[in-house]
Every structure is written in C-alpha cells, then in structure tokens.
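J.: Take this structure, written in structure tokens, and hold onto it; I'll ask about it next.
Nothing in this text is a laboratory measurement; each read-out follows from the coordinates by a stated rule. Bear in mind that the values here come from a model prediction, so they are computed numbers and not experimental data. Cβ coordinates were reconstructed from backbone atoms using ideal geometry, including for glycine residues, and neighbour counts include every protein chain displayed.
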Amino acid sequence: MLRFDVYRGDGPAEHIDLAGAYVFGQDRIPVRADIVADKGQISCMSRSSGVCGLALLWDAGKPGKMFLPTTRLPDRKTPYNLNVELARARVMHLIQKREDWGLFDYDKAHALNDEFEQVRRLFINSLTCDDPAKAATAADDALAEAIVLSEKITLFHGDIFLSRRRQNTAARRVSFGCVVDLLSKNQRYRQRLGSVFDFISIPLSWKHLGPKERSYKWENVDDWVNWAVANRRPIHAGPLVSFDPADIPEWLYLWEHDYEALRDMIYEHIQRVVQRYESKVSLWRVACGLHAYNSFNMSFEQIMELTRMSCSLVKKLAPKSIVLIDIVLPWGEYYARNQRTIPPMLYAGMAVQSGIRFDAFGVQVYMGAPQDGMYVRDFMQISSMLDEFVGFGVPLEITGVQVPSDVSSDKWDAWGGQKLAKDAGHWHTPWNQRLQAEWLQAFYRTAISKPFVESVCWRDLADYEGHYLPHGGLCRNDMRGKLAFNELRNFRSSLHPDGESGTDPDESNEAGKT
C-alpha cells in the first residue's frame, strides 16, 4: 500500500482534494485502486502488483491548480512526502524532455538551462530538510518553478519547430477547423466560420441523426453539407461509431446483449451515412472513443473487430476520403474506473499493429470541466502526450479542443454548478476571456509545431445552448468575437499569409469591443 503525507503551510493538510485522482503503473497506465484521504494522509490500496504512482489535482500556486503525477514508487511502511514526490516527478520529467527535445543543442537555450539548475537546487533543498513540513515547503517552491520552466521549455521547443515548418511551407498545409452547431443557420454564424476556418466538422451523432430505428433525419446535415460545398469548405464528418452515451440512440440498447445483431446495425448505419455523403466528405471520423466508452460491455476483441470492420467499410465506400480513428480522454483516467475499457495508447498501438486500414489518428483535448480527461494539465504534459503519437507513423488530426472563458455562470449547472467548475482546476488563474485566448495561442503553437499534426479543430464557435463546454465558444451568443476568436484569426494569418478567407464586414469594428 502506498501512503503519502500531505503538507500545506507549516503542518499537515486539513483538506485533500481527491477529485479525479487515480493510481497508475507501468507506462502510466491507470490501475484500479482504493484511494482514501484522512488526517493529512493519502492511502492508495492498488489492486495490481508492481510499483505505482499517484496522479491528483494539486494547487501548485503561481502555475495554477492542475493534475500532476508522482513518480512510480515501491510500497514501504513509512509514508512518502507527497509534496516532495510531486516535485521529484516534475524534475525528472524536465530532465527527460530536455534530452528528448535536444535542448542542449540550441544556443538560445542557455537561460533555460540555467533556470533548470536553479530548480534542481530548490529540489535538493527539499531533500536535505530534516523537518518534513519544511521539506514540503521547499518542494512546493521547486514544483512551482519547475512547472513554469516546463511551459517555457515547451513553447521554446515548439517555436523552433514551428519556425522550421514555416520555412519549408509545411505550416501552410496545416488546416484550421471548427465543429458546427447543426441548428445554427443564421448568416452571422456562417460569416464567422467562413472568415477564419479552412474546413468545418459536421457532427453525426447517431442519437440525433437516427432517433428511431431505421429512420433518419437528414435535413440539418444536408443543409450544412450544401453550405460547405457552395463555399468550397472541405468537410470533416463524424463520428460514425461512438459509444458515448450522448451519441447512442435509445433503441440501440435493445441489442445490448446481442453482439452480432449490434454489429449488423452498425454496419448498416455506416453504409447509409457514407453512401449519402461520400462524394462531399473529405475526412471521416469513423471510430470515436471506442476505447473509452464501453456502453455495451464488449470484450477487447469485439472492440477491435468493430474498429476494423468500420474502417474497412468506409475505405471501401469512400476510397478517396481520409479514414480516421479518434482518441478521446487521451490520459486514460477512465481505465482506472472501468477495466472493460482500453488504455488510449494501447488501443492506438493495437490499431496500427493489427493492420486496420485507416489513414490518421484524431485526438481530442478538453480542459476545464470536472470529469475524467478534462482536468487541467500544463503544456509540457500536453506536448508529451502528443509526442506519444509520433511512433505510430501516421498523421495526427486534433479533432476537438476547447477551454472555457468563464466559470461563474449558471451554464455550468449541467456539470454540477460553479463550485465544481472551479474544482476542475485552472491554468495560472481562474478561466476568463484573456486566459482562454492565451491558452488557445499556446496550444496551437505547441500542436502545430509537431510535424505530424495536420489540422486543429476548435469545438464550439459560439456559446449557444448546444455547446460542449460552457463558455467554450470563440464568440458570444450574439456572435461578437471573444479575444480567443481574434487570437485564432491572427495566428492563422501568420501561417497562411496568402491564404483565402471569407469576408466578415464587422470584424474591424468588433475587435475593439472584445
């Protein structure tokens, strides 16, 4: 059993936030464990053998409140000092990424390397303290500085590779997209889309497309497909298969215990949708989150078979389109709660190794909501997660990204209210418009610096009722652009200086209003 003493200030912590906490083993794969906090101590009773680590939401001070891991540690009778172990893990992560990213090869990295030496000295101070409370305080200082340095290094590295992509014109091939709201048909909404985005992503939730068995409502999708074709905007569409409860029509649960019948239903559904839009869709999000949502309690073999069947069918029906497997909740916390799911990178690896016919992976990154996969993480963690896809040898599309611009509205009631929204953590400060814009710019710089990333798609254009994350849109309800909208438009222009864009007659007037 792993035990950690937790300190705040001069003594044991009075309150320990275990929201979303999980234990992980080798390759950071979450494992099942019972985690209890009492009297300033955390006890982790893992149900797996081997050394384990703990990941939890942690207030790191200046850098923000975010999800952070310890290193993997062997069981021992005396408890570990959690503050020290969190700092140790971050210092080790810094060492690893400085080597992976070759930070010693750049002349301009001297200042960053000097800062690392300062962080290392702070951490050593925590190890030499005899008083555990003082050691924790020193470790907190080291951790805060280490996270700040982590993000500096991440953006420094990202800017170097982004500059290289610009020099060889590869950056111009990166496309920017947005998921459309099927019910939004006003001209102002469409003007905003046309003025900034290279493509649109049309959601194909089976629950909304086919609420009754073998009965489809095509009108809203048809309308957006026709608009995109008329405005020469490439179309990404999907998911075709998703077991997220928000995407499953109620009638499909009738086949919950009949895998063969369920598979046939899915085959027929894919066939009908793809045949209708085959000539107009350039990229199909085929299998979305099958690794994370197992609403039908399928086996590992059945999940992989469905992935194979779905991708092969779309390849056959639309051979000129890109076939994509979408990875959701990429840190895999869900696996600690449900062992009938598959860790994200294991699923991705199996898709490649088993010869499934597909062209690209997708990944979704959402932060700022109080549920697994959406707690706040810093940019070194984000960049490291994206780096894991490089070994698969296929392109990566960011199929959904979003953070909120506010936490103080009743729009958060569906997620549990304002208190829980704040409990999801924050990046530097609680979310606001300025912070959303800064985060967006940092994310796009980080993601597009990866030579294997080919597109980035923001989730919601506006803060309509059908939004995914409350206040996650780039525009307000009245379609006035937020600071993040202007930031994205300017960033895209810097990569596509000669690219075409739609006209938006109110842009110049509204820039001052945001």
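J.: Quick one, which of (1) 154; (2) 168; (3) 261 is the actual volume of the Cα convex hull per residue in Å³ calculated for this model?
T.: Of the listed options (1) 154; (2) 168; (3) 261, (1) comes from this structure.
J.: Under a Cβ-Cβ cut-off of 15 Å, what is the net charge of the residues other than Trp251 that fall near it, where Lys and Arg count +1 and Asp and Glu count -1?
T.: Numbers: positive: Lys207, Lys212, Arg214, Lys217; negative: Glu213, Asp247, Glu250, Glu256, Asp258, Asp264, Glu268.
Overall, the nearby charge balance is -3.
J.: Using the Cα centre of the chain as origin and beta-carbon charges of +1 (Lys, Arg) and -1 (Asp, Glu), tell me which of Cys129, Tyr253, Gln118 is placed farthest towards the positive end of the dipole.
T.: With unit charges placed on the Cβ atoms, the residue in question is Tyr253.
J.: Sticking with this structure for a sec: In a shell of Cβ-Cβ distance under 9 Å around Ala87, excluding Ala87 itself, what net charge do Lys and Arg (+1) and Asp and Glu (-1) give?
T.: Working: positive: Arg88, Arg90; negative: Glu85, Asp140, Asp141.
Net local charge, Ala87 excluded: -1.
J.: Can you tell me the length gained on complete extension of the stretch Leu183 to Arg337, counting 0.36 nm per residue apart and subtracting the Cα distance?
T.: Going from the current span to full extension adds 52.0 nm.
J.: Please compute the net charge surrounding Leu324, taking Lys and Arg as +1 and Asp and Glu as -1 over other residues with Cβ under 9 Å from its Cβ. Spell out each step's value before the answer.
T.: On the way: positive: Arg285; negative: Asp326, Asp359, Glu397.
Every neighbour counted, the sum reads -2.
J.: Calculate, for Phe161 and Gln96, the FRET efficiency according to 1/(1 + (r/R0)^6) with r their C-beta to C-beta distance and R0 22 Å; round to the nearest 0.05. Let's see the in-between values first.
T.: Details: r = 18 Å, r/R0 = 0.81.
Efficiency, from the Cβ-Cβ distance: 0.80.
J.: Okay, helix-only estimate at 222 nm for the chain: each DSSP H run of n ≥ 4 adds -39500 (n - 2.57), divide by all residues, round to 500 deg cm²/dmol; what do you get?
T.: -12500 deg cm²/dmol
J.: Something else: Any idea what angle helix 132-167 forms with the longest principal axis of the chain, computed on alpha-carbon atoms, 0 to 90 degrees, nearest 10?
T.: With rounding to tens, the tilt is 40 degrees.
J.: Further question: Counting only DSSP beta bridges with both residues in the chain, what percent are antiparallel, rounded to the nearest 5? Spell out each step's value before the answer.
T.: Working: 28 of 65 bridges.
Once the DSSP bridges in the chain are tallied, antiparallel ones form about 45 percent.
J.: Using amide H atoms built in the peptide plane, which far-off residues or other-chain residues are under 5 Å from Ser201 H to H?
T.: Cys178, Val179, Val180, His236
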